[in-house]
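Participant: This is the structure I have questions about; it appears just below.
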Amino acid sequence: MLAGVYGAHKFGAAYVSGAVSYGNYGTSAFRIVRVAGADTLRADFNAHDLGARIEGGYRIPLWTALDLTPYAAVQVQGFRTPSYGETATAGSAQFALNYDAGTVTAVRTELGSRIGKSWHVPDGSVLDLFGKAAWAHDEISDPRLKVSFVGLPVASFAVNGATPARDLALVTAGAEWKFRSGISVMAKFDGEFAERSTTYAGTARLRYAW
């Protein structure tokens, strides 16, 4: 389940926008331990995610008919998992684990510019081209999980994941074609580039507005 609220206000060529979102994720995980036979262990829990973002920018029309919009944004997101334990669906539960509750908070600062251009086609449709280039800095709290064996709770240990990159380059490029009938087609590419990681995402959308 995901719910959110978004709002924006313009002051001439300047704008301020904000968003708040909440997500609830029903999660199931299982693993197979092959030490004394094959033990299938399962855990079910609900995780919660709360996020907020505020952004401000200023649109600058260029002589090339492009609109350049420098902007700055701050985004905060918290992800919480409850304490939960594994149960055996097959075999023994001697290697089942208990996980402590934990909350990971991520704060992103973003500085960059958006650019866009619109063409009015003779048939009445509109073609929009848009892009973005930005720098982002992420600060993430301790993401370690504290784990203990169900049958030996005093023997706890920590699970560490990969350390996320702190500084990233963000790139977006896309186009949207809006027809007079109310139908629009959009495609875009998003990329995040860091020293130790690279993320690519593609989005396609067909929309009808009336």
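The values are calculated or read from the model by the stated rules, or taken from the named source; none is laboratory data. Just so it is clear, the model here is predicted, and its values are computed rather than measured. Here Cβ is always computed from backbone atoms with ideal geometry, including for glycine, and neighbour counts include all displayed protein chains. For the accessible areas, the whole protein counts, side chains as well, though only heavy atoms, and no ligand, DNA or RNA atoms are used. Shrake-Rupley method; radii C 1.70, N 1.55, O 1.52, S 1.80 Å.
Participant: Can you work out ³J(HN,Hα) from phi for every residue in the range 134-147, in order, using Karplus 6.51 cos²θ - 1.76 cosθ + 1.60 and θ = phi - 60°, giving whole Hz and x for Gly and Pro?
Facilitator: These are the phi-based 3J(HN,Hα) values: 8, 10, 10, 10, 10, 10, 10, 6, 4, x, 5, 9, 9, 10 Hz.
Participant: If you don't mind, there's one more thing I want to ask. Of the DSSP beta bridges with both residues in the chain, give the percent that are antiparallel, rounding to the nearest 5.
Facilitator: Taking every DSSP beta bridge with both residues in the chain, the antiparallel ones total about 100 percent.
Participant: May I ask you to rank 81, 163, 109 by accessible area, largest first, using a 1.4 Å probe over the protein chains only?
Facilitator: Largest to smallest exposure gives the sequence 163, 109, 81.
Participant: Run the quick spin-label model on residue 163 and residue 27: label points 7 Å from Cα toward the beta carbon, then report their separation in nm to one decimal.
Facilitator: 2.3 nm
Participant: Moving to a separate point now. Accessible area per residue of the chain at 1.4 Å probe, in Å²?
Facilitator: I get 64 Å² per residue for this part.
Participant: Return the carbon/sulfur percentage of the accessible area of the range 91-210, one whole number, probe 1.4 Å, all protein chains in place.
Facilitator: Roughly 61 percent, rounded to a whole number.
Participant: Then there is this: Applying 1/(1 + (r/R0)^6) with R0 = 45 Å to the Cβ-Cβ distance of residue 83 and residue 200, what FRET efficiency is obtained, to the nearest 0.05?
Facilitator: So the FRET efficiency works out to roughly 0.80.
Participant: Still on this structure, please answer the following. Gaussian network model of the chain, Cα springs within a sub-10 Å range: biggest mean-square fluctuation belongs to which of 147, 16, 185?
Facilitator: For the chain, modelled as a Gaussian network with Cα springs under 10 Å, the answer is 185.
Participant: With a cut-off of 8 Å between alpha carbons and a minimum separation of six or more residues, what is the relative contact order of the chain in percent?
Facilitator: The normalised contact order for the chain reaches 13 percent.
Participant: From the phi of every residue in the range 12-25, what ³J(HN,Hα) in whole Hz does the Karplus formula 6.51 cos²θ - 1.76 cosθ + 1.60 yield, where θ is phi - 60° and glycine or proline is x?
Facilitator: x, 8, 9, 8, 9, 9, x, 8, 10, 9, 9, x, 10, 10
Participant: Quote to one decimal, in nm, the extra length available between residue 60 and residue 190 on full extension: 0.36 nm per residue of separation minus the C-alpha distance between them.
Facilitator: 44.5 nm
Participant: Where the only charges are on Cβ atoms (+1 Lys, Arg; -1 Asp, Glu), what is the dipole of the chain about its Cα centre, to the nearest 20 debye?
Facilitator: My answer is approximately 380 debye.
Participant: Using a 10 angstrom cutoff on alpha carbons, build the Gaussian network for the chain and name the most mobile of 44, 167, 138.
Facilitator: With Cα springs under 10 Å in the chain, the top fluctuation among 44, 167, 138 is at 44.
Participant: Carbon-plus-sulfur fraction of the accessible area of the range 29-83, 1.4 Å probe, in percent?
Facilitator: With neighbouring chains kept in place, the figure for the range 29-83 is 64 percent.
Participant: For the range 1-117, what D do you get in µm² per second when you plug the Kirkwood radius from alpha-carbon pairs into Stokes-Einstein at 10 °C and 1.306 mPa s?
Facilitator: Value of D from the Cα-based Kirkwood radius: 88 µm²/s.
Participant: Quick one: compute the contact order of the range 1-104, relative version, from alpha carbon pairs under 8 angstrom and 6+ residues apart, as a percent.
Facilitator: Rounded, it is 24 percent for the range 1-104.
Participant: Please check: in the Gaussian network model of the chain (C-alpha springs, under 10 Å), which one of 85, 57, 26 has the largest mean-square fluctuation.
Facilitator: 26
Participant: Ordered by residue, what ³J(HN,Hα) values in Hz, to whole numbers, does the range 100-108 give under the Karplus form 6.51 cos²θ - 1.76 cosθ + 1.60, where θ = phi - 60° and Gly and Pro are x?
Facilitator: Going residue by residue, I get 6, 5, x, 10, 10, 10, 10, 10, 10 Hz, with x marking Gly and Pro.
Participant: Right, next: Once the piece of chain linking residue 44 and residue 129 is laid out straight, how much longer is it, given 0.36 nm per residue of separation minus the C-alpha distance between them?
Facilitator: 26.2 nm
Participant: Express in nm, to one decimal, how much length is gained between residue 146 and residue 36 on full extension, taking 0.36 nm for each residue of separation and deducting their alpha carbon distance.
Facilitator: 37.1 nm
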